[in-house]
Amino acid sequence: MPDFTAATQRARVRVPLRFHDGYSVDAELVTFHGLTDGLEHVAVVLGDPAPGTTPLVRLHSECLTGDVFGSARCDCGPQLREAVERIAERGGVLLYLRQEGRGIGLYNKLDAYALQDQGLDTYAANAALGLPEDARDYTAAAQMLTALGIGELDLLSNNPDKADQLRALGIEVQGRVPTGVFATPDNVRYLRAKVLQTQHTLPLGDLAGLNVG
């Protein structure tokens, strides 16, 4: 049995999604009652899985700088865009989780950016601020999936911690599907740190040819 209290669906609303590159798709946005952390997380339901297949699911942590303003210091915006299209093609859900800056919040994330400008990597910058490397907890994500009737899935992610947490919460992660590599001179140090510090499954060879900006 899942080790969390049940959440329920609050509302479902159809929203046509339109992206700056011209891609468009219709989605259903789902809100919830009873999420453990009290935050306004949203499920984006896309497409319909074929009979006998598991849905493709991404846990996407909010990133104002990357998702909205197109910051090149991370790969969040391109990952979000890619995930919507890949999930829509196969059928599944994107959980948009309000956990800015790996759970430390927007202001702390920008403070960490200032330390990164002085030479620290993203994890060392968090530590220098007295903050955890990654403060995210996926209990609310497991609640959302359960409320949507999803008990097993394929996870679209390079982050093994997401799969480990979901499994510990009773969600069956059948497989982990890697995202693309969206490297730029501005984010290559950030991506390398994710590989070396938290075992993200990004091929370091794809990053070798980029200089740090």
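The values are calculated or read from the model by the stated rules, or taken from the named source; none is laboratory data. Remember, it's a predicted structure, so these values are computed and weren't measured experimentally. Quick reminder, even Gly has a Cβ in these numbers, built from the backbone with ideal geometry, and neighbours come from all protein chains shown.
Things to note:
- Residues in the stretch 100-109 include at least one that is free of Cβ contacts under 8 Å to residues at least 40 places away in the same chain, out of contact with any His (no Cβ under 9 Å at 6 or more places or on another chain) and part of a loop (DSSP other than H, G, I, E, B).
- Some residue of the stretch 125-136 being of a type in the set (D, E, K, R), buried (at least 18 other Cβ atoms within 10 Å of the Cβ) and assigned to a loop (DSSP other than H, G, I, E, B): yes
- Only one of the listed residues (62, 89) is at pLDDT 95 or above and out of contact with any helix residue (DSSP H, G or I) (no Cβ under 9 Å at 6 or more places or on another chain). That residue is 89.
- Set 121, 164, 111: member being more than 23 Å from residue 9 (Cβ to Cβ), acidic (Asp, Glu), at pLDDT 90 or above and not assigned by TED's automatic domain parsing to the domain that holds residue 31: 111
Here is a yes/no grid of residues against (1) aromatic (Phe, Trp, Tyr); (2) out of contact with any His (no Cβ under 7 Å at 6 or more places or on another chain); (3) in contact (Cβ under 8 Å) with a residue 40 or more places away in the chain:
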| position | (1), (2), (3) |
| --- | --- |
| 89 | no, yes, yes |
| 94 | no, no, yes |
| 122 | no, yes, yes |
| 127 | no, yes, no |
| 136 | no, yes, yes |
| 143 | no, yes, yes |
| 147 | no, yes, yes |
| 156 | no, yes, yes |
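- From the options 41, 20, residue that is out of contact with any Gly (no Cβ under 6 Å at 6 or more places or on another chain), over 27 Å from residue 164 (Cβ atoms) and in the same structural domain as residue 163 (by TED's automatic domain parsing): 20
- Of the residues making up the stretch 63-91, those that are small (Gly, Ala, Ser) and either part of a loop (DSSP other than H, G, I, E, B) or not assigned by TED's automatic domain parsing to the domain that holds residue 18 (or both) number 4.
- Condition check for residue 133: over 23 Å from residue 35 (Cα atoms) and either of a type in the set (Val, Ile, Thr) or touching a Lys or Arg at 6+ places or on another chain (Cβ under 8 Å) (or both): yes
- Residue count for the stretch 140-153, restricted to those that are more than 14 Å from the chain's Cα centre (by Cα) and either over 14 Å from residue 92 (Cα atoms) or not β-branched (Val, Ile, Thr) (or both): 9
- From the list 37, 26, the one residue that fits, being closer than 24 Å to residue 90 by Cβ and surrounded by fewer than 17 Cβ atoms within 10 Å (Cβ to Cβ), is 26.
- Checked against (1) crowded, with 18+ Cβ neighbours inside 10 Å; (2) in contact with an Asp or Glu (Cβ under 9 Å, 6 or more places away or on another chain), residue 154 meets all criteria but (2).
- Against the numbered list (1) closer than 22 Å to residue 73 by Cα; (2) modelled with pLDDT of 90 or more; (3) in the same structural domain as residue 84 (by TED's automatic domain parsing), residue 158 comes up short only at (2).
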